[in-house]
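Okay, here's the structure, questions in a sec.
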2 protein chains.
Amino acid sequence: MEQAERVGDLELSVGYVLKQVHAALRTAMDEALRPLELTVPQYACLELLGRNPGLSNSELARHAFVTRQSMNLVLRRLQERGLLARPEQAPQGRALPTDLTREGRAVLREASVVVRAAEKQLFSPLSPEQQRRLREDLAACLPAVADQY
Amino acid sequence: MEQAERVGDLELSVGYVLKQVHAALRTAMDEALRPLELTVPQYACLELLGRNPGLSNSELARHAFVTRQSMNLVLRRLQERGLLARPEQAPQGRALPTDLTREGRAVLREASVVVRAAEKQLFSPLSPEQQRRLREDLAACLPAVADQY
DNA sequence: TGCTCCATGTCAGCATTCTGACATAGACTC
DNA sequence: GAGTCTATGTCAGAATGCTGACATGGAGCA
């Protein structure tokens with residue numbers, strides 16, 4: 001059984017384990033958000049806007065680690081659902097400042113709760129100190145972010 | 001600048017940073033594999049088969065952390081490219097044991113080199129000890145895997 | 001003023017990913 | 001033998017992700 005489920009020494013690779021944990025987190029979030037009919041990318045978008053009203057499509061994409069093309073479609077769907085609003089004309093330049101609607105904020109409140117619970121559970125085997133260290137180690141791999149601390 | 005690029009206290013969330021590092025790793029792998037006209041999922045598949053010949057579609061999916069439906073399409077594409085082969089009939093039950101072709105093994109050899117380099121670079125800010133610890137902390141969040149160590 | 005550059009938004013096409021669904025092989029039980 | 005259960009492979013549809021491409025606003029420079 002264990003032999004059949006092992007994939008050689010891949011488990012010794014940080015990248016492989018990272019992918020595995022990420023997939024687990026993603027799955028947990030998917031399941032938590034499903035009752036709200038929200039996908040993870042949609043939730044991420046709402047969360048970012050909840051914290052930073054007025055972000056543009058491109059800014060949202062950068063903070064969600066996807067391309068602006070991908071984010072454009074996510075925004076469109078959310079806008080159709082009335083969870084966020086964008087002006088038809090850019091107030092300056094080309095950027096369209098995006099804001100949550102009242103309904104969007106309400107949905108975000110619920111989503112945040114379940115997502116935090118899912119995240120908390122996934123990392124629960126680690127002590128608060130271990131979690132902090134894990135976060136720091138991960139952040140250290142990101143030069144741009146590391147410079148901000 | 002720093003203010004405009006911050007997204008509140010999201011950077012304090014392990015989940016957020018995990019997603020960020022994962023995205024960075026994914027991007028680095030994408031770029032490394034592009035000259036070989038391989039996508040990350042395709043590479044993952046080749047790597048798994050290189051280490052464990054004869055895995056079925058479902059087994060590959062499990063080890064790649066995707067659904068068997070997703071893996072089916074990846075396998076189909078790779079098979080069309082002649083990089084792997086599957087019997088038309090299942091020798092027993094329904095599982096189709098999959099194997100790399102000679103060309104598949106050749107492509108995998110090249111791919112492995114560039115992927116390892118990309119991975120090594122991403123985690124290079126961490127010492128070997130830190131990398132080991134990072135891997136262990138991440139693995140600890142996966143109950144099933146943790147039990148195997 | 002015209003040109004260049006950068007950033008933005010959007011469209012298009014392909015790959016991947018998921019869920020839902022269906023069919024089938026084989027083991028097990030009555 | 002029939003029914004149940006589990007695992008497998010595959011199809012279908014929607015969402016997301018990427019790259020490539022195009023159009024546009026605005027800043028900067030000669």
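Using a 10 Å cut-off on Cβ to Cβ distances, tally the other chain neighbours for every residue of B:40-49 and report the average as a whole number.
On the way: counts 1, 0, 0, 0, 3, 0, 0, 5, 3, 0.
That works out to 1 on average.
Now, a different point. Which value results when the Cα radius of gyration for the range B:79-149 is divided by 2.2 N^0.38 Å? Mind dumping the intermediate values first?
Numbers: Rg = 18.3 Å, N = 71, 2.2 N^0.38 = 11.1 Å.
Computed over Cα atoms of the range B:79-149, the ratio equals 1.64.
Where the only charges are on Cβ atoms (+1 Lys, Arg; -1 Asp, Glu), what is the dipole of the protein assembly as shown about its Cα centre, to the nearest 20 debye?
Working: 40 positive and 38 negative charges, 108 e Å.
In debye, rounded to 20, the protein assembly as shown gives about 520.
Charges at C-beta only: +1 for Lys and Arg, -1 for Asp and Glu. How large is the resulting dipole of chain A about its Cα centre, in Debye rounded to 20? Walk me through the numbers before you get to the answer.
Working: 20 positive and 19 negative charges, 114 e Å.
Approximately 540 debye in magnitude.
Still on this structure, please answer the following. Among B:A24, A:V14, B:L12, which residue has its Cα positioned farthest towards the positive end of the charge dipole of the protein assembly as shown, with +1 placed on the Cβ of Lys and Arg, -1 on the Cβ of Asp and Glu, and the dipole taken about the Cα centre?
B:A24
Given the protein assembly as shown, what whole percent of its Cα pairs are spread farther than 26 Å?
Tail of the P(r) past 26 Å holds 51 percent of the pairs.
Any idea what angle helix A:14-33 forms with the longest principal axis of chain A, computed on alpha-carbon atoms, 0 to 90 degrees, nearest 10?
On a 0 to 90 degree scale, this one is about 50.
OK, next. Counting other beta carbons within 10 Å of each Cβ, put A:H22, B:H63 in order, fewest first. Spell out each step's value before the answer.
Numbers: A:H22 20, B:H63 24.
Ranked by crowding around the Cβ, least crowded first: A:H22, B:H63.
Same structure again: By what distance, in whole Å, do the Cα atoms of chain B stretch along each of the three principal axes, largest value first?
59, 38, 29
Can you tell which of A:L49, A:H63, B:V74 lies farthest toward the positive end of the dipole of the protein assembly as shown, using +1 and -1 charges on the Cβ of basic and acidic side chains (Lys, Arg; Asp, Glu)?
Final value for the positive-end residue is B:V74.
Between A:V113 and A:E88, take the C-beta separation as r, use R0 = 41 Å, and let me know the FRET efficiency to the nearest 0.05.
Efficiency computed from Cβ-Cβ geometry: 0.80.
Could you sort the peptides B:119-132, A:88-101, B:102-115, A:42-55 by per-residue average Cβ neighbour count (10 Å cutoff), highest mean leading? Show your work: numbers first, answer last.
Working: B:119-132: 14.5, A:88-101: 12.6, B:102-115: 16.6, A:42-55: 20.2.
The packing order, highest mean first, is A:42-55, B:102-115, B:119-132, A:88-101.
Would you mind telling me which residue in B:L60, B:L25, B:L73 has the biggest mean-square fluctuation in a Gaussian network model of chain B, where springs connect alpha carbons within a distance under 10 angstrom?
Result: B:L73 has the largest fluctuation of those listed.
How well do other chains shield peptide B:57-64, expressed as the mean number of their Cβ atoms within 10 Å of each residue Cβ?
Values: counts 0, 0, 3, 1, 0, 2, 7, 5.
Partner-chain Cβ atoms within 10 Å, mean over residues of B:57-64: 2.
Once the dipole of the protein assembly as shown is set up with Lys and Arg at +1 and Asp and Glu at -1 on Cβ about the Cα centre, which of B:T98, B:A140, A:Q130 lies farthest towards its positive end?
B:T98
Read the figures in this text as sums done on the coordinates, not as results from a lab. The structure displayed is predicted, hence computed values, not measured ones. Cβ coordinates were reconstructed from backbone atoms using ideal geometry, including for glycine residues, and neighbour counts include every protein chain displayed.
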